[in-house]
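Following: one structure in structure tokens, then a few remarks.
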Amino acid sequence: MNEKPQWFLIETEQEYNNAVARYETVRHATTGADHKEKLLLVHLIADYENRTWDLPDVDPVELIKIRMEDFGYKAADLAQVYGDKGTVSKVLNYKQPLSLTMIRKFSVLLHLPAGELLKEYQLAE
């Protein structure tokens with residue numbers, strides 16, 4: 001019998017990883033118990049990230065660049081995850097805004113809360 005986990009306040013990195021993994025399995029649910037679990041997980045994950053991650057108050061592109069430096073990533077590494085080097089280059093040069101797909105993928109790759117990547121910022125003219 002497959003028993004669903006009970007969720008409580010996330011206090012450790014392991015609990016956080018478990019919650020993120022479970023969220024990935026129920027994220028497309030739109031009704032029922034899985035949908036309610038998804039909504040709960042969003043709050044628990046966001047609460048943990050807000051309590052534990054001390055991020056600088058900069059625009060999303062600058063935050064991505066900081067995390068790339070932290071992890072030793074190049075634009076090609078982001079392109080490998082996203083799938084399009086040209087688009088990644090445009091985003092990093094403020095020529096194109098982040099897409100929702102990019103936000104999701106870069107949030108996981110760079111260990112950033114997706115909410116930090118959703119902030120508005122100015123594009124270059």
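For a protection proxy built on the mean count of beta-carbon atoms within 10 angstrom, sort 96-106, 58-68 highest first, please. Walk me through the intermediate numbers first.
Working: 96-106: 16.0, 58-68: 17.8.
With the highest mean Cβ count within 10 Å placed first, the list reads 58-68, 96-106.
Relative intensity of segment 69-121 on a log10 scale, I(q)/I(0) at q = 0.19, 0.25 Å⁻¹, equals -0.61, -1.08, per a Debye sum over C-alpha point scatterers of equal strength in the absence of solvent.
Could you check how much of the accessible area of the chain is carbon and sulfur, as a whole percent, using a 1.4 Å probe?
Working: 4250 of 8350 Å².
It is 51 percent, rounded to a whole number.
In segment 1-75, the alpha-carbon atoms span a convex hull of 144 Å³ per residue.
Take the cross-link list K38/K95; K36/K95; K36/K90; K36/K85; K36/K119; K38/K85 and give me the ones stretching past 30 Å between alpha-carbons. Mind dumping the intermediate values first?
Details: K38/K95 34 Å; K36/K95 38 Å; K36/K90 37 Å; K36/K85 37 Å; K36/K119 26 Å; K38/K85 32 Å.
Violating the 30 Å limit, Cα to Cα: K38/K95; K36/K95; K36/K90; K36/K85; K38/K85.
How long are the semi-axes of the equivalent ellipsoid of segment 1-43, taking √(5λ) for every eigenvalue λ of the Cα gyration tensor, in whole Å from largest down? It would help to have the intermediate numbers written out before the result.
On the way: eigenvalues 60, 27, 18 Å².
The equivalent ellipsoid of segment 1-43 has semi-axes of 17, 12, 9 Å.
Across segment 22-32, rounded Karplus estimates of 3J(HN,Hα) from the backbone phi angles (6.51 cos²θ - 1.76 cosθ + 1.60, θ = phi - 60°) give 5, 4, 4, 7, 10, 5, 9, 5, 10, 8, x Hz, Gly and Pro being marked x.
For a modelled paramagnetic label at E11, 7 Å from Cα along Cα-to-Cβ, the residues of segment 19-56 in reach, with backbone nitrogen under 17 Å, are 19, 44-45, 47-49, 51-52. Under a 5 Å amide H cut-off, with hydrogens placed 1.01 Å from N, Q96 pairs with V91 among residues at least 5 apart or on other chains. Relative to the compact-globule estimate of 2.2 N^0.38 Å, the Cα radius of gyration of the chain comes out at 1.17. In the context of the full set of protein chains, residues of the chain present 67 Å² of accessible surface per residue (probe radius 1.4 Å, heavy atoms only). Estimated from helical segments only, the mean residue ellipticity of the chain at 222 nm is -18500 deg cm²/dmol, where each DSSP H run of four or more residues counts as -39500 (n - 2.57).
The values are calculated or read from the model by the stated rules, or taken from the named source; none is laboratory data. What you see is a predicted model, and the numbers here were worked out from it, not measured in a lab. Methodologically, a virtual Cβ is constructed for each residue, glycine included, from the backbone with ideal geometry; neighbour enumeration extends over all protein chains shown. SASA here: full protein model, heavy atoms, side chains in, ligands and nucleic acids out. Shrake-Rupley method; radii C 1.70, N 1.55, O 1.52, S 1.80 Å.
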